[in-house]
Amino acid sequence: MARGQRTEVRSLRALVHVLCAGHADALLGQVNPYWKQLDATTTREIFADFLRALTLVANRGDRSAEQLRDEIAEVNQVSPVRLSLSTPLQPGEERDLQETLRAVQELHSRSMSANLEVMTMLVTLLAQAIAQTPSEVIQRVALTIEAALLEKGT
């Protein structure tokens with residue numbers, strides 16, 4: 001977008017905001033949309049979230065899976081996706097929706113990549129510590145999961 005066009009959009013936004021802030025967001029998109037916050041999440045933050053969750057899991061005690069999930073969400077300050085939409089979708093809302101969905105998917109992908117890297121490190125370290133191959137460790141984990149599922153009847 002050219003500099004002159006940005007000035008026009010800002011001026012249009014200011015004019016529309018005078019008339020109605022909600023309509024300005026609907027037509028032009030939110031001033032500080034949620035997807036920009038998602039895009040700003042750094043790889044370091046993703047790893048920190050994973051390590052905080054791993055620490056809680058390692059010190060689970062007698063907490064249920066639901067309690068553990070809630071505690072992880074609390075310490076990692078997980079918040080729901082926030083979007084404000086009306087029907088039919090206005091151009092700004094449509095863009096914010098598309099960008100939010102894109103940002104959520106990208107953040108999920110980046111998080112999964114970080115999780116895979118940490119799991120690979122953990123499996124490698126465990127294999128070295130118990131003098132087995134990573135494949136043997138994974139086989140033991142698979143058997144343990146299978147036994148747990150059978151015990152629960154699922």
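The values are calculated or read from the model by the stated rules, or taken from the named source; none is laboratory data. Just so it is clear, the structure is predicted and the values come from calculations on it, not from any experiment. Cβ: placed from backbone, ideal geometry, glycine included. Neighbour counts: every protein chain shown. Side chains included, ligands, DNA and RNA excluded: accessible areas come from the protein's heavy atoms. Shrake-Rupley method; radii C 1.70, N 1.55, O 1.52, S 1.80 Å.
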Requested in this report: Just grab the label-to-label distance for Gln98 and Glu66, each label 7 Å out from Cα along the Cβ direction, in nm (one decimal).
Outcome: 4.0
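Using the Cα gyration tensor of the range 32-87, with a ≥ b ≥ c the square roots of its eigenvalues, what is the shape: rounded (a/c below 1.5), prolate (a/b larger than b/c) or oblate (neither)? Before the final figure, lay out the partial values.
Numbers: a/c = 5.09, a/b = 1.71, b/c = 2.97.
Oblate shape, in that a/c is at least 1.5 and b/c is the bigger or equal ratio.
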Requested in this report: Could you tell me which of Asn59, Ser109, Val75 has its Cα farthest along the dipole of the range 51-111 towards the positive end, charges placed at Cβ (Lys, Arg +1; Asp, Glu -1), taken about the Cα centre?
Outcome: Asn59
Query raised in the report: Taking the simple approach of a point 7 Å from Cα along Cα-to-Cβ for both Glu74 and Leu54, what is their distance in nm?
Result: 2.3
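In whole percent, how big is the carbon plus sulfur part of the accessible area of the range 28-133, probe 1.4 Å, protein atoms only? Each step should come with its number before you reach the end.
Numbers: 4220 of 7280 Å².
So the carbon and sulfur contribution to the accessible surface is 58 percent.
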Report task. Report the extension gain between Thr120 and Arg82 in nm, rounded to one decimal, defined as 0.36 nm multiplied by the number of residues separating them, less their alpha carbon distance. Result -> 10.3 nm
Query raised in the report: Roughly how much of Ser64 is accessible, in Å² to the nearest 10, using a 1.4 Å probe?
Result: 50
Query raised in the report: Can you run phi through the Karplus equation (6.51, -1.76, 1.60; θ = phi - 60°) for the range 147-152 and list ³J(HN,Hα) in whole Hz, with x for Gly and Pro?
Result: 4, 5, 5, 5, 4, 7
Query - Spacing of the two label points (7 Å from each Cα toward its C-beta) at Ala131 and Glu146, in nm - result: 2.6
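Can you classify the range 19-154 as rounded, prolate or oblate using the Cα gyration tensor, where a ≥ b ≥ c are the square roots of its eigenvalues, rounded means a/c under 1.5, and otherwise it's prolate if a/b beats b/c and oblate if not? Before the final figure, lay out the partial values.
On the way: a/c = 2.86, a/b = 2.39, b/c = 1.19.
It comes out prolate by the Cα gyration axes.
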